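Everything on this sheet refers to the single structure shown next.
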Amino acid sequence: MTEQAKADLVIRNARIVDGTGAPSFTGDVAVAGDRIVAVGHFAGAATREIDAGGQVVAPGFIDVHTHYDPQICWDRLATPSLEHGVTTVVMGNCSLSLAPVRPGEQLKLIKMFEKIEDIREPTFDEAVPFNWESFGDYLDHIRPGLGINIGALVGHSALRWYVMGKDSQERVATDSEIETMCRLLEQAMADGAIGLSTSYVDIDEDGRPVPSRLADMREKVALCKAMAKSGRGVLQTVPYFIDIEKQLENIEELGDLSLASGIVCSIAPITYSPVAPENWKRSIAKLEEQQARGAKVYGQSMPRSFDINIRMSETSFLLYPVRAWDLLMQKPLAERLAGFADPAVRPMLVEKAEKRILPLLRAMTVGDVYSPENEKYRGRRLAEIAKEAGKSPADMMLDIAVADGLRTEFQIRGAIHADPEIVAQILDHPLVHIGGSDAGAHISQFCGAGDTCDLIERFVREYGKMSLERAVHRLTGEPAVAWGLKDRGTVAVGQAADLVVFGADTIARGDEEFVTDFPGGASRYVRHATGIDKVIVNGAVVVDQGTYTDARPGLVV
C-alpha cells in the first residue's frame, strides 16, 4: 500500500510492541480489511483513526488452553477472554471436545465435561444443540457470528468413544479401529482442526479413566502421524501430575511421539508447589532432555497462583478425594443440603474429610456469606473460627455452609504456584509457554480468563521480572509459531490484524465477580479487565473501552 492510500483503520502514535521480542518503537499501524498494511509511519488517510498516544499496540493475545467448546455455542465472544486482549483461544483441551458424536449419544461427552471441567448438564441441555456429528459439522455450527478466533483441538476421548463406544474404556484399539480414528482425525484437520488433545490423568463421572488413557503407543503414534499429514498439528495433554515420576514418563513419551511424527507436543500445567518444591525443576529438566534429542515438547504454565473458591452449592474438583462428599455433591441441591446437614452422618463426613483434605481445610478463608449468623465469619480463616468454636475445621465448614444453604464461598489463596520468584523462572523458560488458563472451565470455582493481563500487571509492572517486550512475545509470537498460526502473533505487514491497544501502566485483570448468567441457571466467576482500550480481531474493533461492539469478525484458525 502506498503511503497516500486509504486504510480502513489506522492506530497512530502508539508504542508498538510487535510480538517478536524486539525493542518497542513509536509509530502507526494501518489496517485494510483484515490485514495489517503498514507499520511505522503511515501518511495516508483512514476511515477510522485511533490516537494511541501513551498506549501500547501489540498483537492480539493467544490463549492456548481453554475449554470454551460448550460456551461458544451460545456465546460467540467467549466472554470474558476478549476483554483481556485475547483474540485467539484454543479449545478442545484435555482429551475433551464436543465432536465427533453420534446422534443421540451426547450424554457421555456431557458427563465427562461435567466431571472434568465442571460445566453442568442443565447448561448443555439448554444451550448446546448437538445438531452435528463430525468435527467439521461442529466447526460449521460455531463459525457464524464469531467475535473471537477459535483454534479447535479434537478430543482423543471423544474420538475414541465415537469409534469404540464403551470398549474405549476397557481395552486397546484394534488395527481397524485405529485406522478409523486416523481417518476421522485427518478429515477433522482438513476441516479446520488445529490438533489433538489427550489426557494421562482424568477420570469420568464414574471414577474410571477417560477413554484416551486406554490408548497404547501404536494408537498414539498413528494419530500423531495422521495429524501431521495436514502440515500442522499440536498434541496437547495433561500429565499424571499426582505422581512426579509418572509425569516425567509422560514427558518422555511425548518426546517419543514428537520424534515419530514431527509434531509439537504441549503438556499442561507445569506449576510450583511448596509441598514438592523440586518437581517443577525436574519437569523442565525433562523437557530440556526432549529438546536435546530433537523432540518438540513444551510445557504450559500460568502467571496466577492456583487460587480457587469452593461453594458447596456448585461443583468442586477439590472435594473429589472425599468420596462421601463427592457423592453428595452430585445430588440436587435440596438433597445435597439435607445430606450435609444430617446429624446422623455428620461424624462420618467430618472424619473422612479430616483424613483426606485437612491441609486444604486449614488453608481456607471464608469469603461471601449469605446468612446473618455467618456475617461474623466473613474474611476470617476457617481454622481460627473452628478453634474458637472447639470444633474441627471440617465440622465448622459444614456448619457455616449449611447455614448459608451451601452457598458460602470458601477461598483458598496463595497455596500453590504463588512464589513470584519461582513462578517467574518457570514463565521465562523458553520451553514453557504461557498457558493452562482453563478459561471456560471450572467456572464456579475461578475465572481462568485474565492471565494475559496478570502477566503484564504483576510480572512486568509490579515485580519487574520480565520486560514488556518479552511478556508480549510470550503471549503472541511464541504460541503462534508453536501452534501453527502462521499469519498471527506479530505486528507486521501482511499479518492478520489481530491487535490490542492498552496502557502499560494501567492494564490489570480485575477482581473476580460471581454472577448468574449461564444457561441452565448456572453461575460463574468472571473478571473485567482495566487498562485495555481496544481489542481488534481481523481488522474490526470488537471491544471498545470495555464495551463489546456489534462486530463479529472471528474465524476458525
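Numbers below:
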| read-out | value |
| --- | --- |
| Residues satisfying the stated conditions in region 120-135, i.e. surrounded by 20 or more Cβ atoms within 10 Å (Cβ to Cβ), outside any loop (DSSP other than H, G, I, E, B) and not polar (S, T, N, Q) | PHE124, PHE135 |
| Subset of region 455-486 that is acidic (Asp, Glu) and farther than 16 Å from ASP63 by Cα - its residue that is surrounded by the most Cβ atoms within 10 Å (Cβ to Cβ) | GLU457 |
| Single residue of ALA389, ALA401, ALA383, ALA394 found to be open to solvent by 40 Å² or more (accessible area, probe 1.4 Å) and small (Gly, Ala, Ser) | ALA389 |
| Top-ranked residue of region 311-356 - restricted to ones that are open to solvent by 30 Å² or more (accessible area, probe 1.4 Å) and small (Gly, Ala, Ser), ranked as nearest to PHE410 (Cα to Cα) | ALA341 |
| Pair list, Cβ < 8 Å and 6+ apart or interchain, from region 167-184 residues that are touching a residue at least 40 places away in the same chain (Cβ under 8 Å) to residues that are open to solvent by less than 70 Å² (accessible area, probe 1.4 Å) and of a type in the set (Ser, Thr, Tyr) | SER168/SER157; LEU184/SER134; LEU184/TYR162 |
| Test set (1) assigned to a loop (DSSP other than H, G, I, E, B); (2) in contact with a Ser or Thr (Cβ under 6 Å, 6 or more places away or on another chain) - ASP550 fails condition number | (2) |
| Odd one out for ALA99, checked against (1) in contact with a helix residue (DSSP H, G or I) (Cβ under 7 Å, 6 or more places away or on another chain); (2) under 30 Å from ARG15 (Cβ atoms) | (2) |
| Qualifying residue in region 93-107 (condition: touching a Pro at 6+ places or on another chain (Cβ under 9 Å), crowded, with 21+ Cβ neighbours inside 10 Å and closer than 30 Å to ALA497 by Cα) | yes |
| Candidate set: region 1-39, residues that are open to solvent by 20 Å² or more (accessible area, probe 1.4 Å) and without any contact (Cβ under 8 Å) to a residue 40 or more places away in the chain; chosen: the one farthest from THR87 (Cα to Cα) | ALA5 |
| Residue within region 298-310 that is closer than 27 Å to ILE194 by Cβ, free of Cβ contacts under 8 Å to residues at least 40 places away in the same chain and buried (at least 19 other Cβ atoms within 10 Å of the Cβ) present | no |
| Qualifying strands (runs of 3 or more DSSP E) (wholly inside region 462-545; at least 2 residues being under 30 Å from ARG311 (Cα atoms)) | 512-518, 522-527 |
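Condition check ((1) out of contact with any Gly (no Cβ under 7 Å at 6 or more places or on another chain); (2) farther than 30 Å from LYS229 by Cα; (3) open to solvent by 40 Å² or more (accessible area, probe 1.4 Å)) across all residues:
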site	(1), (2), (3)
ASP505	yes, yes, yes
VAL537	no, no, no
VAL541	yes, yes, no
LEU555	yes, no, yes
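The values are calculated or read from the model by the stated rules, or taken from the named source; none is laboratory data. Quantities reported herein were computed from a predicted structural model and do not represent experimental measurements. All Cβ positions, glycine included, derive from the backbone under ideal geometry; neighbour counts span all protein chains shown. For accessibility, only protein heavy atoms count, side chains too; no ligands or nucleic acids. Shrake-Rupley method; radii C 1.70, N 1.55, O 1.52, S 1.80 Å.
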